[in-house]
Structures are given as C-alpha cells and as structure tokens.
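Undergrad: Encoded as structure tokens, here's the structure I'll be asking about.
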Amino acid sequence: QVHVVESGGGLVQPGGSLRLSCAASGSIFSIYVMNWYRQAPGKQRELVAFITRGDTTMYTESVKGRFTISRDNAKNTVYLQMSSLKPEDTAVYYCNVRDSGSDGPRDYWGQGTQVTVSS
C-alpha cells in the first residue's frame, strides 16, 4: 500500500503565494508520474500539472507562468509552488501518484488540501 499525504494549503490574499507538498510513502515500486488536480465547489475536477519520473512537466493553460511543479525523486515528494494567486484558484487540491506496482500500474490519491484565495 502506498500512502499519499498533501500539505501546505491555506488562506491567502490575491497575489499571494503558497507551496503545496505531496509525500508518498509505503510499498513504492517506481513512481511513473505525480499529478496535481484541483476541484472547486460545483465544478469538475481539473488536472493542474504533472511531473514524470524523468522530470518532464506540463501545466494547464490557466496556471502557466504562475505555478511550478517540482519533484524530489529520492524522497518521493512532489511540490506545487503557486504564486500570483487568483480567487479562481480556490479549490481543494489533490495529489495523484501512479506507481508501477508489482503486477501493473496503480493510482493513489491524497486526502486533498484546501486552497482559498480571498481578500
């Protein structure tokens, strides 16, 4: 079993910054990719960014230039540095980890961390 724990959410004013962390632990074989999703109230879950084992990164258009995803492979931890935050960034942010497993890839999810951007 792989356990995924997010942290770093909170309340910030527009234009502020937050750094989210996601740590994976347990029976990890090899992590293919780590994803950050977010879901605002009443809206569909959205993929925000991902980073591969080889540190290839991708971002959804709305966060480009403001968010940066990074990874510490040795610690199985992914970060999301968020700057110039906007009220529309308000959401629960979820970390998703895809591990190779012993008999095929498996997905693991964190509990989510609330990000609220409000003056």
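Undergrad: Out of (1) buried (at least 16 other Cβ atoms within 10 Å of the Cβ); (2) part of a loop (DSSP other than H, G, I, E, B); (3) not hydroxyl-bearing (Ser, Thr, Tyr), the odd one out for Val33 is which?
TA: Here Val33 meets the rest and fails (2).
Undergrad: Which residues, counting only those in region 81-94, are more than 14 Å from Gly112 (Cα to Cα) and outside any strand (DSSP E or B)?
TA: Of everything in region 81-94, those that are more than 14 Å from Gly112 (Cα to Cα) and outside any strand (DSSP E or B) turn out to be Ser83, Ser84, Leu85, Lys86, Pro87, Glu88, Asp89.
Undergrad: Okay, moving on. Tell me yes or no: at least one residue of region 82-96 is more than 11 Å from the chain's Cα centre (by Cα) and hydrophobic (A, V, I, L, M, F, W, C).
TA: yes
Undergrad: With the condition kept exactly as written, say whether any residue in region 69-80 is assigned to a strand (DSSP E or B), touching a residue at least 60 places away in the same chain (Cβ under 8 Å) and surrounded by 14 or more Cβ atoms within 10 Å (Cβ to Cβ).
TA: Checking region 69-80: at least one residue is assigned to a strand (DSSP E or B), touching a residue at least 60 places away in the same chain (Cβ under 8 Å) and surrounded by 14 or more Cβ atoms within 10 Å (Cβ to Cβ).
Undergrad: If we keep just the residues of region 38-50 that are within 21 Å of Ser118 (Cβ to Cβ) and modelled with pLDDT of 95 or more, which is surrounded by the fewest Cβ atoms within 10 Å (Cβ to Cβ)?
TA: Here the answer is Lys43.
Undergrad: Condition check: among the hydroxyl-bearing types (Ser, Thr, Tyr), in contact (Cβ under 8 Å) with a residue 60 or more places away in the chain and more than 19 Å from Gln1 (Cβ to Cβ). Does Thr56 satisfy that?
TA: no
Undergrad: Going by the structure shown, is Tyr108 in contact with a Gly (Cβ under 8 Å, 6 or more places away or on another chain), in a strand (DSSP E or B), open to solvent by 20 Å² or more (accessible area, probe 1.4 Å) and touching a residue at least 60 places away in the same chain (Cβ under 8 Å)?
TA: When the stated conditions are applied, Tyr108 does not pass them.
Undergrad: For region 16-30: of the residues being within 13 Å of Gln81 (Cα to Cα) and over 11 Å from the mean Cα position of the chain (by Cα), which is most open to solvent (accessible area, probe 1.4 Å)?
TA: That would be Ser17.
Each row is one residue, and each column tells you yes or no for (1) of a type in the set (S, T, N, Q); (2) open to solvent by 60 Å² or more (accessible area, probe 1.4 Å).
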| site | (1), (2) |
| --- | --- |
| Thr52 | yes, no |
| Thr57 | yes, no |
| Thr60 | yes, no |
| Arg66 | no, no |
| Val97 | no, no |
| Asp103 | no, yes |
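The values are calculated or read from the model by the stated rules, or taken from the named source; none is laboratory data. This is a predicted model, so every value here is computed, not measured. Cβ coordinates were reconstructed from backbone atoms using ideal geometry, including for glycine residues, and neighbour counts include every protein chain displayed. Note: accessible area is taken over every heavy atom of the protein model, side chains too, but ligands, DNA and RNA are not part of it. Shrake-Rupley method; radii C 1.70, N 1.55, O 1.52, S 1.80 Å.
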